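The values are calculated or read from the model by the stated rules, or taken from the named source; none is laboratory data. Note that the structure is predicted; figures quoted are calculated from it, not measured. In this analysis, Cβ positions are derived from the backbone assuming ideal geometry, glycine residues included, and neighbour counts consider all displayed protein chains.
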Amino acid sequence: MLNKRKSIRNLALAVLLTSASALAQTTASGVINATLVNKNGISLQFDTDASGVTLGASGTAAASVNFGVISAFGPLAGGVTRPVVTAANFTVRTIFDVQVIQGGLTSTSYTLTANLAAAAPTGFAYKVDTVTLTTAAQTIQTTGTYNTDVAHNLDLVVSTAAPGAGGPATGTPITATINFTATAN
């Protein structure tokens, strides 16, 4: 009789546990209605070119380049070349890539412009490709290809005139900001 009571008690306990488990299993459902507005547009990023200086923040729209110590003669940093040396000036150059990515446009190309954020210091001139930059936007490229790295030269032209006679101050680091704008054609 004791075994029969024990079996009934175990059966009752099992039924209670199963019932409690069944009661704990509830479901809920919900719906979120979302609206998406797809906008077309373009973005611009600077990438390190294998032949140039490694850009700081490469792959972004706000990269930096460091030419290192420059002179008309002597060694230059890796990725920097000196394509021109004359009695009046010398040029140091690095190559960088611009990638313009487009989405949702019917445009097949873009126009790239650039300008200096502030006037170049005395004795210096900045060029992108063959275009000397000023504070006004200058056209660099008129039929840029989307979604690919396009190589450009960044030149710094330095006067060899003495400081005070049109030449730059020596031994002083200089910085410049160049603004680039890509516009869908």
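Could you grab me the full set of residues in region 86-115 that are closer than 13 Å to Val157 by Cα, among the hydrophobic types (A, V, I, L, M, F, W, C) and surrounded by 15 or more Cβ atoms within 10 Å (Cβ to Cβ)?
Phe90, Val92
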Exercise. Thr175 is checked against (1) part of a loop (DSSP other than H, G, I, E, B); (2) closer than 20 Å to Gly52 by Cα; (3) modelled with pLDDT of 95 or more and fails just one. What number does that condition carry?
Worked result: (3)
Problem set entry | Some residue of region 110-120 being of a type in the set (Ser, Thr, Tyr) and in a loop (DSSP other than H, G, I, E, B) | no
Exercise. Out of all the residues in region 140-152, is one or more at pLDDT 95 or above, assigned to a strand (DSSP E or B) and of a type in the set (D, E, K, R)?
Worked result: no
Seminar exercise, completed: How many residues of region 67-109 are farther than 22 Å from Gln138 by Cβ, part of a strand (DSSP E or B) and free of Cβ contacts under 8 Å to residues at least 60 places away in the same chain? The answer is 4
For this session: Would you check if Ala136 is within 15 Å of Thr91 (Cα to Cα) and either of a type in the set (Gly, Ala, Ser) or assigned to a loop (DSSP other than H, G, I, E, B) (or both)?
Result: no
Problem set entry | Whichever residue in region 121-133 is in contact (Cβ under 8 Å) with a residue 40 or more places away in the chain and outside any loop (DSSP other than H, G, I, E, B) and, among such residues, is farthest from Asn89 (Cα to Cα) | Val128
